[in-house]
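Visitor: Sending over a structure as structure tokens; questions will come in a sec.
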Amino acid sequence: MQSVDHRGMTAVIRLLIAAIVAMQFTSAIHAAEAVKPNIVIILSDDQGRGDYSAFGTKDIRTPGIDRLYAEGMGFDNFFANCPVCSPTRAALMSGCYPDRVGVPGVIRDIKTNSWGYLAQHATLLPKVLKTAGYHSAIVGKWHLGLEPENLPLARGFDHFHGFLDDMMDDYYTHLRNGHNFMRRDLKEIDPEGHATDLFTQWACDYIRERAQAGGPFLLYLAYNAPHDPVQPKSDWLAKVKTREPNMPSNRQKLVALIEHMDDGIGQVLRTLDETKLAANTMVCFSSDNGGILANGANNGPYRGGKQMTYDGGLRVPFAIRWPARIKPGTTSARRALTMDIYATACEVSGVTPPKDIDGVSFLPTLLGQEQPDTDRAEYFVRREGGPQYGGKTIEALRMGDWKLVLNSPFAPAELFNVKADPAETTDLASREKKKFLELSAELRRHIQRGGQVPWQKSEQ
């Protein structure tokens, strides 16, 4: 009978146990990496580049927004796709330049003053994320069409709780031109309360519901603050007046409306904490365009504001937090546009985006990897009616350090070197004719490309 080497057998067993433990640990790592992150996109309405305190603005207090910058990454050169609402929202949802999906201008409930129709060929973000198992909701302002085929649930969202049209005439009655556009999914509703409070509550409710249900989700929280009418709650306005008694009254109201919205953003972040979802939730915050100068908006050191194709109308705040992957307190100088959020969300979720989108993922930047600016021409367009615009378009196009600006359809185009002249004070069109012609030709190519898509619904 052969003797048994117990020491050898023990060593083998230990090695087997170690190998099994290592395999289990590796599997756990891969399983953790395979958990798709939740995505929360928060969009404010007409908030200027400098209208949050993390920017260094002293007369405003925004701890919610500031938390996103402190715990995530802020972009110093982030641009809305348009200086007005609908086109930027179309770019966010489609990943395309807005005229390429039929939305060069503002969509309104009055057909004779509506300048866009969301194209049926566009694959919106909730629909593409659905292929990766995402549940999706929009809470707040839709503003991409009132036709049955262009309501949120028809375009891929699983849940809608908010306002369909362009703006409310009152933050408490929620009416627009005497009509009620508030909906829960397809049902007309008439809730009581300030719109900012309602949207915050509904967003928090959705997060709690998804925490119970499990699985990844997309939440698009689109506040209508601080859009006109600038109508803050009385307690928020009183706080600002007490703190800043010498502030102009129009700015007091604007700051109060923004600070109230910021408190809502803080509630959303705390709900993610409470539901244990924060670590693997990517939260993006931005605005659809620059602030309104007449309302006392702060657009930073940049020229112009909402409705204008100067940088004051296009540069917007952007912060993104994802504790599991993004190093806190970081910043990026890389240029990005609203439509790039779509491409980034696709890459984050492991989905291949549609082939013809214009957005470019900035995920490598978020992960701290080297990612230079793209060499693309960045194109901005806005169509509008009335005597000031006549149904025509205004545009801007940036290539490298150069920017071509057509801020009125009835005025000559201007050329700026925005690296040397970020305030766009010196028009170089007559001095830099070669560069002017180069950018003008590129702009025409974009106009022709967008012209392939109808922006009015056929009546046939």
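The values are calculated or read from the model by the stated rules, or taken from the named source; none is laboratory data. Just so we're clear, the structure is a prediction, and the values are computed from it rather than from any experiment. Cβ coordinates were reconstructed from backbone atoms using ideal geometry, including for glycine residues, and neighbour counts include every protein chain displayed. Heavy atoms of the whole protein, side chains included, go into the accessibility calculation; ligands, DNA and RNA do not. Shrake-Rupley method; radii C 1.70, N 1.55, O 1.52, S 1.80 Å.
Visitor: Could you report the accessible area of S332 in Å², rounded to 10, computed with a 1.4 Å probe on the protein chains as they sit in the structure?
Guide: Estimated to the nearest 10 Å², S332 gives 10 Å².
Visitor: Let me ask you something else. Less than 15 Å from a label point 7 Å out along the Cα-to-Cβ axis of E274: which backbone N atoms in the stretch 209-250 qualify, by residue?
Guide: Hits in the stretch 209-250 for E274 at 15 Å: 209-212.
Visitor: Which value in nm describes the separation of the simple spin-label points at K130 and N77, placed 7 Å from the Cα toward the beta carbon?
Guide: Going from the K130 label point to the N77 one covers 3.8 nm.
Visitor: For S430 and A211, FRET efficiency with R0 = 45 Å and r from the beta-carbon atoms, rounded to 0.05?
Guide: 0.15
Visitor: Could you give the accessible area per residue of the stretch 201-269, probe 1.4 Å, as a whole number in Å²?
Guide: In whole numbers, the stretch 201-269 has 37 Å² accessible per residue.
Visitor: With only Lys, Arg, Asp and Glu charged, each at its Cβ (+1 for the first two, -1 for the last two), find how big the charge dipole of the stretch 240-371 is about the Cα centre; round to the nearest 20 debye.
Guide: With only Lys, Arg, Asp and Glu charged at Cβ, the dipole is about 320 debye.
Visitor: Right, another one. Pull up the DSSP beta bridges for the chain and report the antiparallel fraction as a percent, rounded to 5.
Guide: 50
Visitor: Do you know the relative contact order of the chain, to the nearest whole percent, from alpha carbon pairs under 8 angstrom that are 6+ apart?
Guide: Relative contact order for the chain comes out at 24 percent.
Visitor: Could you work out how much longer the chain between N417 and D235 gets when fully extended? Use 0.36 nm per residue separation minus the Cα distance between them, nm to one decimal.
Guide: Length difference between fully extended and current span is 61.0 nm.
Visitor: In addition: Roughly speaking, what is the centre-to-centre gap between the stretch 427-460 and the stretch 350-411 when only Cα atoms are used, to the nearest Å?
Guide: Using only Cα atoms to place each centre, the spacing works out to 12 Å.
Visitor: Then there's this: Which Cα, out of G350, A420, A396, lies furthest along the positive dipole direction of the stretch 334-446 (beta carbon charges, K/R +1, D/E -1)?
Guide: Final value for the positive-end residue is A396.
Visitor: Ok, one more. Going down the table (K306/K435; K127/K233; K187/K233; K187/K241), which pairs top 30 Å between alpha carbons?
Guide: The pairs that break the limit, which is 30 Å between Cα atoms, are K127/K233; K187/K241.
Visitor: Using the Cα gyration tensor of the chain, with a ≥ b ≥ c the square roots of its eigenvalues, what is the shape: rounded (a/c below 1.5), prolate (a/b larger than b/c) or oblate (neither)?
Guide: prolate
Visitor: Could you calculate the FRET efficiency of T352 with T374 from 1/(1 + (r/R0)^6), where r is the beta carbon distance between them and R0 is 22 Å, rounded to 0.05?
Guide: 0.70
Visitor: At 0.36 nm per residue, and after removing the present C-alpha to C-alpha distance, how many nm does the segment from Q388 to D109 gain when stretched out fully?
Guide: 98.4 nm
Visitor: How large is ³J(HN,Hα), in whole Hz, for each residue of the stretch 268-280 in order, when computed from phi with the Karplus curve 6.51 cos²θ - 1.76 cosθ + 1.60 and θ = phi - 60°, using x for Gly and Pro?
Guide: Once rounded to whole Hz, the list reads 4, 5, 5, 5, 4, 5, 5, 8, 6, 9, 4, 4, 10.
Visitor: On average, how much accessible surface per residue is there in the stretch 317-460, in Å², for a 1.4 Å probe, leaving out ligands, DNA and RNA?
Guide: So the stretch 317-460 comes to 50 Å² accessible per residue, rounded to a whole number.
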